[in-house]
Amino acid sequence: MPRTVTIIQGHPDPAGGRLCHALADAYAEGAVKTGHKVLRIDVARIDFPLLKSKEEFEKGVLPPSLNAARGAITAADHLVTVFPLWLGAQPALLKGFLEQVARPGVAFAYQDKAMPKKLWAGKSARIIVTMGMPGIFYKVFYRSHGLKALRRNVFEFVGIKPVRETVLGLVEGQKADHVRVWLDDMRRLGARAE
């Protein structure tokens with residue numbers, strides 16, 4: 001059954017041409033080829049302010065530059081977030097973007113004397129993260145702390161599940177044959193929208 005897939009390109013370089021961009025393109029290619037509708041968000045190309053207070057987060061108006069992104073996320077059955085690991089987590093620009101679009105009233109709703117209502121329930125997600133260190137080292141030694149925080153504190157908090165992860169390590173200087181394997185894997189994942 002065709003799904004709406006929204007791909008959030010979280011690499012902060014607006015020039016593109018990075019491995020994250022190629023991975024997102026390959027995922028989109030696989031999804032489109034099998035009949036899924038694909039919406040794209042390139043965070044680095046959107047001009048938006050960072051939130052600086054609780055009041056702004058809870059009661060502020062979403063900047064107009066983010067209306068299309070919020071609509072693409074709301075319309076999605078499946079979200080794909082692609083980013084490079086920076087200092088153990090997602091780049092600050094992606095974090096700032098998520099803080100803007102996953103606000104109360106959009107992604108969740110406060111309730112009296114109860115846990116917040118999860119407004120993005122029914123969506124699934126895949127997080128694709130690239131890094132210079134071996135992926136297994138990040139998982140075992142660092143216990144994937146930044147990835148877990150994104151999965152639990154953002155996606156699962158607003159009702160998105162399942163949240164699957166793809167961790168690609170030792171990406172710098174990787175041989176072209178190995179990169180092709182990763183891109184083929186992305187096409188397969190895109191075809192299944194998972």
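Tell me which of these GLU156 doesn't satisfy, since it passes every other one: (1) closer than 25 Å to THR4 by Cα; (2) in contact (Cβ under 8 Å) with a residue 40 or more places away in the chain.
It is condition (2) that GLU156 fails.
If I ask for residues that are charged (D, E, K, R) and not in a loop (DSSP other than H, G, I, E, B), which ones from the stretch 91-115 would you list? Let's see the steps before the verdict.
Taking the stretch 91-115 first, the residues charged (D, E, K, R) are 95, 99, 103, 112-113.
Passing the criteria: LYS95, GLU99.
Residues in the stretch 116-161 that are under 17 Å from the mean Cα position of the chain (by Cα), at pLDDT below 90 and not in a helix (DSSP H, G or I): how many?
The total comes to 1.
If I ask for residues that are of a type in the set (Phe, Trp, Tyr) and surrounded by fewer than 19 Cβ atoms within 10 Å (Cβ to Cβ), which ones from the stretch 1-60 would you list?
Answer for the stretch 1-60, where residues must be of a type in the set (Phe, Trp, Tyr) and surrounded by fewer than 19 Cβ atoms within 10 Å (Cβ to Cβ): PHE48, PHE57.
Whether any residue in the stretch 174-187 is under 21 Å from VAL80 (Cα atoms), outside any helix (DSSP H, G or I) and not charged (D, E, K, R) is what I want to check.
No, the conditions are met nowhere in the stretch 174-187.
When the residues of the stretch 1-28 are filtered to those that are touching a strand residue (DSSP E or B) at 6+ places or on another chain (Cβ under 8 Å) and in a helix (DSSP H, G or I), which remaining residue is farthest from ARG192 (Cα to Cα)?
LEU19
Checking the structure you have, find out if any residue of the stretch 63-75 is over 17 Å from THR6 (Cα atoms), aliphatic (A, V, I, L, M) and not in a loop (DSSP other than H, G, I, E, B).
Looking for residues that are over 17 Å from THR6 (Cα atoms), aliphatic (A, V, I, L, M) and not in a loop (DSSP other than H, G, I, E, B), one finds none in the stretch 63-75, hence no.
Specify the residue that is nearest to the chain's Cα centre (by Cα); the eligible residues are those in the stretch 162-176 that are aliphatic (A, V, I, L, M) and crowded, with 16+ Cβ neighbours inside 10 Å.
Applying the filter and picking the extreme gives VAL163.
Could you give me the residue pairs with C-beta distances under 6 Å whose first residue belongs to the stretch 128-153 and is surrounded by fewer than 14 Cβ atoms within 10 Å (Cβ to Cβ), whose second residue is hydrophobic (A, V, I, L, M, F, W, C) and modelled with pLDDT of 90 or more wherever it lies, and which are 6+ apart or on separate chains?
Going by the 6 Å Cβ cut-off, the qualifying pairs are PRO134/LEU170.
Under the condition of being of a type in the set (A, V, I, L, M) and farther than 29 Å from LEU19 by Cα, which residue from the stretch 61-85 is surrounded by the fewest Cβ atoms within 10 Å (Cβ to Cβ)?
VAL61
The values are calculated or read from the model by the stated rules, or taken from the named source; none is laboratory data. Worth saying up front: this structure is predicted, and the values here are computed from it rather than measured. Cβ atoms come from the backbone with ideal geometry, glycine included; neighbour counts cover every protein chain shown.
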